[in-house]
Amino acid sequence: MTLAPVLDQIDQDLDTATERLFDLLRIPSISTDPAYKEDCDKAADWLVKELSDLGFEASKRPTPGHPMVVAHGEGPDDAPHVLFYGHYDVQPVDPLELWDNPPFEPALEDTPKGKVLRGRGTSDDKGQLMTFVEACRAWLKVHGKLPVKVSFFFEGEEESGSPSLVPFMQENAAELKTDIALICDTGLFGEETPAIVTRLRGLLGEEITIHGPSKDLHSGMYGGISINPTRVLAKIIADLHDETGRIQVPHFYDDVAELPDDIKAQWDALGFDASQFLGEVGLSVPAGEQDRTPLEMIWSRPTCEVNGIEAGYTGDGFKTVLPAQATAKISFRLVSGQDPFAIRENFRTFVESRLPEDCTVTFKPHGASPAGEMVTSNPAFKAAQKALSDEWPRPAAFVGCGGSIPIAGHFKTILDMDAMLIGFGKDDDQLHSPNEKYDLECFHKGIRSWARVLAELA
Ligand code: BES
Ligand code: MN
Ligand code: MN
């Protein structure tokens, strides 16, 4: 089976592929917000229908949360069986007023840097997951079959921490286990270097609320005699890092390994331009651990960040008040070796040990997923590297990813299979933000890339 006519088919079909993607993008499948539960279900149905129409044995699988979609195809026995993963859920759209177009009315837009697909989910992750579906479609259209056996696994809870994922994978382990998992939910390195992600950080979320007086107080009547939970919270937050950027939670770095020299050398050779990376978002100076390189800061070192704070009066004007409580949403990006549950316990101890008289704390746990480190000795990595280097202007690079995809680590721990992460997003795609976009060229070359990867894997 030859590749060239498959690539031609992809080129000819780009407009209709875009229309199909727009259909999926019109479904507001926001997984965190219960108001969109039915839409998540609709997105799952849409994928089941799409895959069934292509000849896959596809089904929607219920979970306590949003449904999974699983599908299986036919393929030769002498080639690897791959499981493709993507997520059909998207992030909330607020602040809505910052969108130039409604987030769920996708459009093809001309920009000074080329054509872009605009709308929530274009890059994260509907546009990316469709690159693989469209590559399969082209193979099937041209040759009537795929060069390797392909199964699909789509999730609708990735953006809310994948709460149903682990039990689902455990219960369906035999069905989901294949020779390798392919994940399309990451980006290129820079503008045109295709990237295979070999390490991905984990994520731990924890919400803390400091409680003080039994009710909000007049800050004149009680100010000076009452403890103020906002100040207590601020002090705890300030204590999280020392002046060199090192995290102060006890035992936090105990299981963090140093980056191996060969990987460090490989990363140094990538020529990452930190000033440009920061410049694009109005910054200039790397603000992480002072003794680390910029790429280490975002790829191989763990972090602690405050994602939101709420306390007292935040409306217009001014109100003199001592709030009864103060809340912060805190996240840790974790690296290989760190146990999210041990870190949660140590963090809680860190907070409790800083509470003054009359203050208490309540904790609300959010997602906990370990980091993933990929084993690149699997021959699929060489095959993919070749396929990607053939499609893009530059050879493919092995890179890290600062973001998290909970399933990435679970493939190894639950199903004992390797995962290969290849994606075509760009740094300026505005993931999770207003005006999310995906370059039309990334969509197009992404489809072609997967068509080539399938051929190489065979
Ligand atoms: N696709 C992203 C992960 C990602 C982010 C890849 C940046 C490449 C660059 C994924 O959908 C995501 O947003 N993950 C969340 C985790 C989740 C539990 C909300 C993240 O990293 O914050
Ligand atoms: Mn994603
Ligand atoms: Mn995301």
It is to be established whether one or more residues within region 105-122 are crowded, with 21+ Cβ neighbours inside 10 Å, touching a Gly at 6+ places or on another chain (Cβ under 8 Å), under 27 Å from ALA195 (Cβ atoms) and among the polar types (S, T, N, Q). no
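Which of the following residues is in contact with a Cys (Cβ under 7 Å, 6 or more places away or on another chain) and at negative phi: LYS412, LYS426, LYS364, LYS386?
On the way: LYS412 fails: in contact with a Cys (Cβ under 7 Å, 6 or more places away or on another chain); LYS364 fails: in contact with a Cys (Cβ under 7 Å, 6 or more places away or on another chain); LYS386 fails: in contact with a Cys (Cβ under 7 Å, 6 or more places away or on another chain).
Every option except LYS426 fails the conditions.
Out of PRO76, PRO92, I need the residue that is more than 16 Å from ligand 3 (Cβ to nearest atom) and part of a loop (DSSP other than H, G, I, E, B). Which one?
Selected residue: PRO76, the only one of PRO76, PRO92 that is more than 16 Å from ligand 3 (Cβ to nearest atom) and part of a loop (DSSP other than H, G, I, E, B).
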Restricting attention to region 276-302, and to residues there that are out of contact with any helix residue (DSSP H, G or I) (no Cβ under 8 Å at 6 or more places or on another chain) and of a type in the set (A, V, I, L, M), which single residue is modelled with the lowest pLDDT? VAL281
Among the residues of region 374-389, the number that are in contact (Cβ under 8 Å) with a residue 24 or more places away in the chain, in a helix (DSSP H, G or I) and surrounded by fewer than 18 Cβ atoms within 10 Å (Cβ to Cβ) is 2
Could you check region 331-363 and list, in sequence order, the residues that are surrounded by 18 or more Cβ atoms within 10 Å (Cβ to Cβ) and part of a loop (DSSP other than H, G, I, E, B)? VAL335, SER336, GLN338, CYS359
Any chance GLN430 is open to solvent by 20 Å² or more (accessible area, probe 1.4 Å) and within 16 Å of ligand 1 (Cβ to nearest atom): yes
Output the qualifying pairs, or none if there are none: Cβ atoms under 6 angstrom, residues six or more apart or on different chains, first residue in region 259-272 and closer than 13 Å to ARG199 by Cα, second residue of a type in the set (A, V, I, L, M) and assigned to a helix (DSSP H, G or I). TRP267/LEU295
Being in contact with an Asp or Glu (Cβ under 7 Å, 6 or more places away or on another chain) and touching a residue at least 12 places away in the same chain (Cβ under 8 Å) is true for just one of PRO340, PRO356, PRO323. Which residue is that? PRO323
If you check every pair at least six apart or on different chains, which have Cβ atoms under 7 Å apart with a residue in region 157-173 that is open to solvent by less than 30 Å² (accessible area, probe 1.4 Å) first and a residue that is hydroxyl-bearing (Ser, Thr, Tyr) and away from ligand 3 (no atom under 14 Å from the Cβ) second? GLU157/SER164; SER164/THR63; PHE168/THR63
Find the strands (runs of 3 or more DSSP E) located wholly in region 113-216 whose residues include 1 or more that are of a type in the set (D, E, K, R) and within 16 Å of ligand 1 (Cβ to nearest atom), and list them. 149-155, 195-200, 202-211
Considering only region 392-406, how many residues are part of a strand (DSSP E or B) and either within 16 Å of ligand 2 (Cβ to nearest atom) or open to solvent by less than 30 Å² (accessible area, probe 1.4 Å) (or both)? 4
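Output the residues belonging to region 260-287 that are part of a loop (DSSP other than H, G, I, E, B) and charged (D, E, K, R).
The answer is ASP273, GLU280.
Every residue, every condition in (1) open to solvent by 80 Å² or more (accessible area, probe 1.4 Å); (2) under 24 Å from the mean Cα position of the chain (by Cα), yes or no:
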position	(1), (2)
ASP239	no, no
ASP261	yes, no
ALA274	no, yes
GLY279	no, yes
LEU283	yes, yes
GLU305	yes, yes
ALA311	no, no
LEU322	no, no
Could we say that SER151 is open to solvent by less than 20 Å² (accessible area, probe 1.4 Å) and more than 27 Å from ALA17 (Cα to Cα) here? no
For GLY423, state whether it is within 16 Å of ligand 3 (Cβ to nearest atom), under 27 Å from GLU159 (Cα atoms) and either modelled with pLDDT of 95 or more or charged (D, E, K, R) (or both). yes
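Assess whether HIS410 counts as being within 16 Å of ligand 2 (Cβ to nearest atom) and assigned to a helix (DSSP H, G or I). It would help to see each step written out before you state the result.
Values: within 16 Å of ligand 2 (Cβ to nearest atom): yes; assigned to a helix (DSSP H, G or I): yes.
The answer is yes for HIS410.
The values are calculated or read from the model by the stated rules, or taken from the named source; none is laboratory data. Model, not experiment: these values are computed from the prediction. No Cβ is skipped: glycine too gets one built from the backbone with ideal geometry, and neighbour counts run over all protein chains shown. Note: accessible area is taken over every heavy atom of the protein model, side chains too, but ligands, DNA and RNA are not part of it. Shrake-Rupley method; radii C 1.70, N 1.55, O 1.52, S 1.80 Å.
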